Structures are given as structure tokens and as C-alpha cells.
Amino acid sequence: MTATLLHLALSLSLSSCGAPPGPAPVLEVDSRLAAQSSLFERGVRAAGEGVWVASGFGLANSILLEAPGGVVIVDTMSGRRQAEAVLAAFRETTGLPSPEKPVRAIILTHHHSDHVFGGGVFVESALESAVESAVENAGGTSPVAAPPVYAHATTSQEIDRVVNALSDALYLRSMRMFGQFLPAASVANAGIGPTLDYEPSDLTLARPTHVVEERLDISVAGLDLTLVHAPGESSDQLFVWLPKSKTLLAGDNIYRAFPNLYTIRGTAYRDVRQWVASLDTMRDLGAEVLVPSHTSPVAGKEAIAELLTAYRDAIQYIHDQTVRGINRGATAEELVAEIQLPPHLADHPWLAETYGTVAWSVRAIFDGYLGWFDGRGAHLDPLSAEDRSLRLSAALEDGRPLAEQAKSALASGDVRWAAELADHWLRLKPKSKAARETLAAALEEQGKVHPSANGRHYLLSQAAEIRGELKIPPTPRTEVSDEFVDSLAIGPFMEALPVRLKAEKALDRDTVVHFHFPDVEEHYTIHLRHGVAEVRHRAPAKADLSITVDAKIWKRIAFGKRSPIAAVASGELKTGGGLFAVVGFLNLFER
Ligand SMILES: [Zn+2]
């Protein structure tokens, strides 16, 4: 159903009652979510020398940077009303922007509506200052130019996509997600800000005029800034770095809540590995002030380093353990039930699930890599929603046990329903031969008449596997020729290690391992940190374990073509930590 039809259906169902619905009831708010509200007190606060943050005026923060000859505004709120309130509050607290120090540039950290749709207000403020000074200084004859608006090269088209192609679906789902139409008393806050408070009549965009590809160093009115592309919460995300004051404006790649690795209002896959890489780029800066575009700033080099590390570890943990489960053949449903953050991350004050959740993230990562099909034949060509509702209703009325109804469905040729019921049956009774046979037969019947060769083969293979007639061997890595293995680069081998980590065995480990590959003269660091393996393409400052081995040999070890013990015995693999340390380390990873 299109969103327009849905609107129509909703309004018809409402009008059929004769009167508009009464207000939705006020419902109690979860205490953890309620506690978040203290972060969103409305006001302008100093975050560091010449850095001012307006928060509590809308979902996002707007940030004012004072330069010797003007101000820079980073993020512009979601509409005119919010932006005007922020501008007035900046003036009241700081006296800025002023005729002497007007807005000299605007930076949009990304395209989301809570950051871009108040932009016009700051442009107008700059133009007014320019007109005033032109009148004073030159009798009003000099040309007046709008300030430059910096954003990533794709931000403009991302804004257009949201405004046009997907607007109906995203609007409806956003309004639900932000509780825009709930009674105010039911809405404690929006998780990362007080409220979205979106008003379509109020949008005023300052379209980007200057784009950033990967990195751009600029000086605005005497203030040096570096803008860095840092894909994460969105693919066009930027962070802003002030090298002199070591201040990091992180955009939406970190805020005081578990990150929205997936947003339920609907989004394309957010590449969480890139998100982690972006956080690592930020960690390397050694920031002394961190100003996110939502929730509160943080000061102190050590506190910021700890925070960025915990945040990136949480994201990597969920990513790696989901991919590990995917390789084992688990479904998204099974992984959601299984994967939780380890306690030190779950209890971290910046990782409470008051915005994103672990469960949604696991599903998004599964879907991002493998798409909608979970791998179980019963879910390949499921019944239509209506057919399933009809059969479910009939089955509940029928009242016979699941097993009986699965067998009956198969006998009557209702093979999709039989597969669905038998799939549940087998999950509940994994040792039941009858459940196996019923599911296998239902899949086989579907496979035999499937028009797609892919569908046919998948279903017939899985039916035979379920019956125990077929066992597909594990990926035949050892059969790959040495010549082929030699032709592969070492980097991807190292980058693939973390998704094989048996996290549950590494929760109490904090170990730095240095890999040196002399034949290609490359160094890697693997920091095993409480259930997460961070891989960096560089030598560590200090290692607990060092391994020197030619990349050529290591790749063969990784392919199972060579035993690490034999490599140590032959002197091909040298280690400062002894054979047991190397084997102990390797045993923390799936083969
Ligand atoms: Zn935002």
C-alpha cells in the first residue's frame, strides 16, 4: 500500500467512528529513558575556548565556533523556529554573532533533517550583518555575499532524496518514531534530544556551496578547521577538527546512547565497519574536547579516549559476532536472541539502548550482508500475509497439535503451510525424525515445481540435508593451490580475523599482538580488548606478543594448508612469546 493509500485508509477508518479519535492515553515512561531528559536542558553552554553548544532547542545541537573575524555555525536545527531560538540564545549568552563578528561559514555535518533545515536563518543573519556594514562603510554599494556552506559532496543529493523519492514513507515512520503525534506527557524525550518538533511549513535550507570529498583544510575568519569525511550514522557524515584547541566536533557518529546502527524510520544499510573506522580516525587525533551534535560535550583527553574506544568496541562487537553467527549458518532471529554486549559495554553510560538497540543492529547487519532471505527454505517463498492469516486462524480453531496439522497440510498438498509449520515443529523438537521428514518433504515438493533453477536447487539441497542424505562440506580452503593463495594480499586476511573471534573466550583478555610480515614489509597490530579484536595496519608502540612470519606462510596457515606448530618448529614463524602463546592466541579464533 502506498503511503497515500494508507493515509486514506487511516482517515476512512477514523471517520467511520463518526468523530475524530480522542487524545491517545498518557503512558508511563521507562525510568532509563526518563533519566536521559536531564541531558536536554535548553540553553547555550561553553564546551571549550570559543566553542558554544546550543542544546535542548530541538533534536540536535547547533554549535557556534568563535573565530578572530567572525563565527562558524556547525549544524542548523530542523526548521526556522528552532534556528531563530538558537540564534537568539547564542546572542544572549555570547554576544555572537555580532556586526563585527558575523556568520562567516556554515558547516553541515550530514543531511539529516534535524541538522539542515534551519540553515536559511543563519544565512539571513550573515546577509543582514553584511548589509549593515556595507551601509556604514560604503554607502550600501558593495555587493553582499552569503557565507559559504560546507558539506560532504553527497549531502545535497541525500537531502533531495529524503525530500522527494522516499518522503511519504519516511515521514509517516519518522512521526511514529519521534512520537510527534503522541500527547506531550507520554514523550519524555527523543533519546538523543528533547524532541524532533518537525514542522514542514518551517523548513529553510542553506544548500551546500562548498563540498568536502575526503578531507578539506580551511581557514575561516582566522580559525583553522579540518573537515573530514567519516561515514557512519550516515554515509555523508563529516567531523570537524580544530587542531589548535584539539576540539573534535563528531557530528552524529557518537552521542550518549547506543548508536542507531539502523533507524526504524527506514534507512539503507549503514556500513558499521566504516563507522568503526571513522571512530578510529577520531581516536587517533587525541582530542581534548569532544562536542557531539546530540547530547552533551565531554572534556579531557583520557575521558574522550576511553569513550571513543568503548563506543567503537560496542559497534565492532555487534558487527563481528553477527558475522561470526552468519558464517555458522544462524538466522537473524537466532542471532538477535543470542547476541548481547558484554557487561563492561552494556553498562557503559554512553551505550544505554535509549536510542538505537542491539537487536535492531543485529538484524540490520544480517540484512546488510545477506539481504532478506534468512537461509531457511521454509522462508524462501512464504505464503502471502493474507493466506497465512487465514491458515493461522483455521489452525487455532482446529486445535490439533502442531505436528498433526503440519502432516495434514503436507498430505493435502498445502506445501508452503506445511513447511512453515514443520519448521516450527523442528525448532521445538530438533531430534524428531517425523518433523525432519515433514519439513524435507514440504521443501522438496516446492523445489520440484520451482520455476527458478536457483530456487529448485536450494530447496532440493536443503531437503536432502535435513534428511541426512546430503552433507555439504565446509569451504574447501585446503584444496586451493599454493599459487592461488600466494596471489592474495595479506591485508584482507588480517581484516577478516575479528569476525572469527570467539568473543566469549576473550572477554577477560587485554593483549596487544604485533604481526610483522618481512616478505612484504608490513606490520599489523591486533589489540584483543575484552571480546573485540581491533586490527590496525601499523606496528604497536608496545606489544605483549610478537609474531614474525612471511605473509606467504601466514596465508597458508590461515587457509589451513600449514600448521602453525610446524611453522614454529621449522623456524618460519618466530615469536617472542613462545609456541603456547601463539597457539593460545590462534585458538581464540574460529578455524
Ligand atoms: Zn542528528
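Couple of notes before you dig in:
- If only the Cβ of Lys and Arg carry +1 and only the Cβ of Asp and Glu carry -1, the dipole of the range 297-370 around its Cα centre is close to 180 debye.
- Label-point gap, in nm, between T267 and V131 - each point 7 angstrom along Cα→Cβ: 3.9 nm
- Cα-centre dipole for the range 30-290 with unit charges at Cβ (Lys and Arg positive, Asp and Glu negative), debye to 20: 560 debye
- Theoretical FRET efficiency, 1/(1+(r/R0)^6), r = Cβ-Cβ of K505 and V211, R0 45 Å, to 0.05: 0.45
- Computed from label points 7 Å out along Cα-Cβ, the spacing between A394 and A299 is 7.1 nm.
- Low-density loop positions, GluC sites (Glu not before Pro), the range 94-137 - DSSP coil, at most 15 other Cβ in 10 Å: E100
- Listed pairs K505/K542; K429/K505; K301/K505 exceeding 25 Å between Cα atoms: K429/K505; K301/K505
- Per-residue 3J(HN,Hα) values for the range 207-213, derived from phi via the Karplus relation 6.51 cos²θ - 1.76 cosθ + 1.60 with θ = phi - 60°, read 5, x, 10, 10, 10, 10, 8 Hz in sequence order (x marks Gly and Pro).
- Computed FRET value (nearest 0.05) for K542 with A385, which takes r as the C-beta separation and R₀ as 60 Å: 0.55
- Residue-averaged 222 nm ellipticity for the chain, from DSSP H runs of 4+ at -39500 (n - 2.57), nearest 500: -12500 deg cm²/dmol
- Of interest is the spacing of the C-alpha centroids, which for the range 46-62 and the range 250-274 amounts to 21 Å.
- Computed accessible area, R104, all protein chains, 1.4 angstrom probe, square angstrom: 110 Å²
- Sequence-distant contacts, meaning Cα pairs under 8 Å at least 6 residues apart, place the relative contact order of the range 297-370 at 38 percent.
- Added length on full extension, which subtracts the Cα-Cα distance from 0.36 nm per residue, A277 to H457: 60.9 nm
- Per-residue accessible area (protein heavy atoms, 1.4 Å probe) orders H348, H527 as H527, H348, starting from the largest.
- Where labels lie 7 Å past Cα in the beta-carbon direction, separation of K433 and L586 in nm: 4.2 nm
- Relative contact order of the chain, defined on C-alpha pairs under 8 angstrom at six or more residues apart (%): 9 percent
- Applied to the range 225-232, the Karplus parametrisation 6.51 cos²θ - 1.76 cosθ + 1.60 on θ = phi - 60° returns per-residue 3J(HN,Hα) values of 9, 10, 9, 10, 5, 9, x, x Hz, with x for Gly and Pro.
- Computed over the range 30-290: relative contact order in percent, which uses C-alpha pairs under 8 Å that are six or more apart: 19 percent
- Given a 1.4 Å probe and the protein chains as shown, T281 ends up with an accessible area of around 70 Å².
- Candidates A394, A378, H344 compared by Cα position along the dipole of the range 342-468: farthest toward the positive end lies A378, with charges placed on Cβ.
- Ligands, DNA and RNA aside, K101 has an accessible area near 50 Å² when probed at 1.4 Å.
- Whole-angstrom gap from the range 409-441 to the range 503-552, using each part's C-alpha centre: 47 Å
- Ranked by solvent-accessible area (1.4 Å probe, protein heavy atoms only, all chains present), the residues T309, T76 order from largest to smallest as T309, T76.
- Under a 5 Å amide H cut-off, with hydrogens placed 1.01 Å from N, T354 pairs with F258 among residues at least 5 apart or on other chains.
- Within the chain: Cβ-based charge dipole about Cα centre, in debye rounded to nearest 20 (Lys, Arg +1; Asp, Glu -1): 1560 debye
- ³J(HN,Hα) computed for each position of the range 288-294 - Karplus, 6.51 cos²θ - 1.76 cosθ + 1.60, integer Hz, glycine/proline x: 10, 9, 10, 10, x, 7, 9
- Extended-chain gain in nm, criterion 0.36 nm per residue less alpha-carbon gap, E28 and A46: 3.1 nm
- From the alpha carbon centroid of the range 325-350 to that of the range 195-233 is 34 Å.
- Modelled FRET efficiency - R0 60 Å, V449 with S98, Cβ distances, 0.05 increments: 0.20
- Beta bridges per DSSP, both residues in the chain: antiparallel share near 75 percent.
The values are calculated or read from the model by the stated rules, or taken from the named source; none is laboratory data. In this text the structure is predicted, and so the values were computed from the model without any measurement. Positions of Cβ are generated from backbone atoms using ideal geometry, with glycine treated the same way; all protein chains shown enter the neighbour counts. These accessible areas exclude ligands, DNA and RNA; they are computed on the full protein's heavy atoms, side chains included. Shrake-Rupley method; radii C 1.70, N 1.55, O 1.52, S 1.80 Å.
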